[in-house]
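Read the structure below first, then the notes.
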Amino acid sequence: MSTIDDDRDVQAYDPPAAEAQTPTEELPRFENPIVPDNTIGGRALIAVIAIMTFLASLTTGAVILVHAAAGDWQSEVAREVTIQVRVMPGRDIEADVQRAADIARKIPGVADARAYSRDESARLLEPWLGAGLKLDDLPVPRIVVVRLETQPAPDMAELRRRLAAEVPAASLDDHRNFVDRMRAMSNAALFGGLAIVALMLLATVLSVVFATRGAMVANRNVIEVLHFIGAKNGFIAGHFQRRFLRLGLQGGAIGGGSALLLFAIADFATRWLLGAAATQQFMALFGTFSIGVTGYIAVVVQVILIALVASYTSRTTVNRTLETIQ
C-alpha cells in the first residue's frame, strides 16, 4: 500500500514551468531613442556640416586643379629652353641666329631648334608695345626655341659653353627661375588648401560640441534616469556617437555631393564650349575643371573623415560631461 501511494504521489506531482526552466533575463528595450532623431538642432547641424563639407570639398578640388595645372606648366616649360640672340655692332644677327640654331641641334637630347623670324619676334612684343609699330630701327633680339627630349637629358652646360665660344651675342635661358617660382606657387596653394580644410574641420568639431551639449541638456532627465539605474557612460555615449555619425554622414553626403556635382557641371561646360577661342586660352592657362578620379576619391574620403570626426567629437564630449556630473 505504501508503495502504491508513493507512486501515486510522484505521478500527481507536476512541477511548475517556472521551476522546470531557468528564467532568461531580457535586456531593456527602448521604444524611443535616447537622442531623438528628428529635432531642430539635428537639422541645423546637418546644414552646418553640409556647408562645411561643401566648402572643404571646393577647396580640395581647387587645390587639385591648381596642382595639376602647375605640373603641366612645369613639364611643358621644362621641355623647352630659349636662346636669345642680341644685336651687336659689327655682327650679322641673321648669321648668329642660324649658327645658334645649328649648335643647339647638334647637342644630344635636343629634339628640334626653331629660330623666330623678325616678324615673329615683333609680334611677341605687340602685347606690350601695341600693333603696327615699326621696329626696324630698334635692336630687337631674336629668339631660338629649343625643344628637348626626356631621354637622353641634354647637357645644358655644354650648350651654354659652345654658344659663348661661337656666338657671343647669344644667351641661354633654361627657365629655371620660372619653374622654381611655379613650384613655389603650387606648394603654397597646397599648404593653403590644407590649412583651409583644417579650419573647416575645426569649425565642424566646435559645432558638434555645442550640438552635443545642447542634446544632453534637452535629454537631461533621461540621462539622469539611466545613471540612476546604473547605465555606464559608454552606453550613453554610444547612443550619441551613433546619432552624430548619421548626422555627419547625411551632412557630408549633401555637401560633398553638391561639390562633386558642381565640378561635373563645370567640366561639362568647359568641354561643351571647347570650340570657343576664349575657352581654349583659358584652358591653356588653367587647364580643365576635371578633378579626375583622384579628386572624387579625395572628396569621398573627406566626407567619411568629417562624419568620423563628428562621431568621435560627440562621444568625447558626452564622456567628459558625464564625468563632471558624477
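Computed quantities for the displayed model
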read-out	value
Answer residue from the range 99-125, given it is among the acidic types (Asp, Glu) and within 18 Å of Val87 (Cβ to Cβ) and is surrounded by the fewest Cβ atoms within 10 Å (Cβ to Cβ) among those	Asp119
Segments classed as helices (runs of 4 or more DSSP H), wholly inside the range 85-154, with at least 2 members that are at pLDDT below 80	118-124, 126-129
Pairs where the first residue, in the range 59-79, is modelled with pLDDT under 80 and the second is among the basic types (Lys, Arg), C-beta under 7 Å, 6+ apart	Gln74/Arg183
Ala153 touching a Ser or Thr at 6+ places or on another chain (Cβ under 9 Å), within 30 Å of Ala115 (Cβ to Cβ) and loosely packed, with under 13 Cβ neighbours inside 10 Å	no
Qualifying residue in the range 208-227 (condition: touching a Phe, Trp or Tyr at 6+ places or on another chain (Cβ under 8 Å), of a type outside the set (Phe, Trp, Tyr), closer than 18 Å to Thr53 by Cα and modelled with pLDDT under 85)	yes
Residue in the range 173-180 that is in contact (Cβ under 8 Å) with a residue 24 or more places away in the chain and under 17 Å from Ile103 (Cα atoms) present	yes
Output for the range 218-232, where each listed residue is in a helix (DSSP H, G or I) and buried (at least 17 other Cβ atoms within 10 Å of the Cβ)	Val222, Ile223, Leu226
Which listed residue, of Arg213, Arg181, is touching a Ser or Thr at 6+ places or on another chain (Cβ under 8 Å) and not β-branched (Val, Ile, Thr)	Arg213
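The values are calculated or read from the model by the stated rules, or taken from the named source; none is laboratory data. Keep in mind the model is a prediction, meaning the values are calculated, not measured. Because the Cβ atoms are built from the backbone with ideal geometry, glycine has one as well, and the counts that use them run over all protein chains shown.
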